[in-house]
Amino acid sequence: MKKVLVVICVLSCCTNVFAQKILYLKPFIGRQAPLCRFDQNFPNPEGLSVKPLRMEWSPGVLLALKLNADWTVQSGIDMGWTGWHMKNKKTKENFSDSPDGSSAFHQTNQLQLLVQRRITTVNALNLGRSKGNYLLNFDLYITAGMVYNLIPRFGSEADSIILKRYTYNGTSEIDYSYYNFLRRKSSAVYLGLGTQFYSRNNARFDFTIYYSQGFTDVMAIEIDYRENDNRHKTKLRTRGSVIGATLAYPIRLKTFERKSV
């Protein structure tokens, strides 16, 4: 986090003092899919998959300062998710009531500190003689930075979820998951690719696809289920990593005009 702050300070100092700066408020709505993985120290039973199966809504708001045509720094908060999801392709009838498998997501408050760099500007399909009136007018940019995650303290430190109840050979059976939080505070690195659309040089919708990779495990999950005549156990772990997308609408709050000499 300290390194990101240093980068932002350097960018601010290196920016042309005569350049016009613009402060935006950027409310956004997004979708997130938490990622998990099998524990390397535990056998991975054949047929199990932890591919992303579900996405959840992730609203938030950013405060963005456009330093010049190329650089923007922004910070804000959003409601993200940490969790796990697993599907068994071999025993669909006994593993879960849902065709998409089983999952459990936990709300995660996220604080973002990001730096945005414009790659190129696209202007195409001029609608008239006046300059700047293009049907396609947008910046393509990359975003990088840090995310601080906080899982709110609710429920118990260790919880169990029943995946499915059923009868096997006349005996009542239960497939279940047992998970606990290893830590509720963590950090992650953020990488994104996005487009900032314009209308007559005014910023409009902003669309970003991103990936956030956590540094440390925040949750451990144990799955207990039946496959044919045997019961199996497997373990999952997650660092709070997610893939997602956001759609924002910048609202101009203030324009810092060029300084005169």
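None of the figures in this text is laboratory data; all of them are computed from the coordinates on show. Source: prediction; values computed, not measured. Quick reminder, even Gly has a Cβ in these numbers, built from the backbone with ideal geometry, and neighbours come from all protein chains shown.
Summary table
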{"item": "Backbone N under 16 Å from the residue 39 label point (7 Å along Cα→Cβ), restricted to region 232-247", "result": "232-239"}
{"item": "Of 89/233; 26/51; 89/164; 164/235; 164/185, pairs whose Cα-Cα distance is over 22 Å", "result": "26/51; 164/185"}
{"item": "Using a Förster distance of 51 Å, the FRET efficiency for residue 211-residue 169 (Cβ separation, nearest 0.05)", "result": "0.70"}
{"item": "Per-residue HN-Hα couplings for region 171-179 [Karplus 6.51, -1.76, 1.60; θ = phi - 60°; Hz; x = Gly/Pro]", "result": "10, 5, 10, 9, 8, 8, 10, 10, 9"}
{"item": "Under-5 Å amide H pairs with residue 205, H placed in peptide plane, nonlocal only", "result": "197"}
{"item": "Label-point separation, residue 202 to residue 69 (7 Å along Cα→Cβ), nm", "result": "2.2"}
{"item": "Potential extension, residue 46-residue 253 segment - 0.36 nm per residue separation minus Cα distance", "result": "69.0 nm"}
{"item": "For region 131-261, size of Cβ-based charge dipole, Lys and Arg +1, Asp and Glu -1, in debye", "result": "800"}
{"item": "Other-chain or far-sequence residues with amide H under 5 Å of residue 81's (modelled H)", "result": "108"}
{"item": "Rg/Rh ratio calculated on Cα atoms of region 157-261 (Kirkwood radius)", "result": "1.29"}
{"item": "For residue 227, distant residues with modelled amide H under 5 Å away", "result": "232"}
{"item": "Region 28-42 - phi-based ³J(HN,Hα) in whole Hz, Karplus 6.51/-1.76/1.60, Gly and Pro as x", "result": "8, 10, x, 10, 10, 10, x, 10, 9, 8, 6, 5, 5, 8, 10"}
{"item": "Centre separation in Å (Cα based) which lies between region 186-259 and region 24-69", "result": "3"}
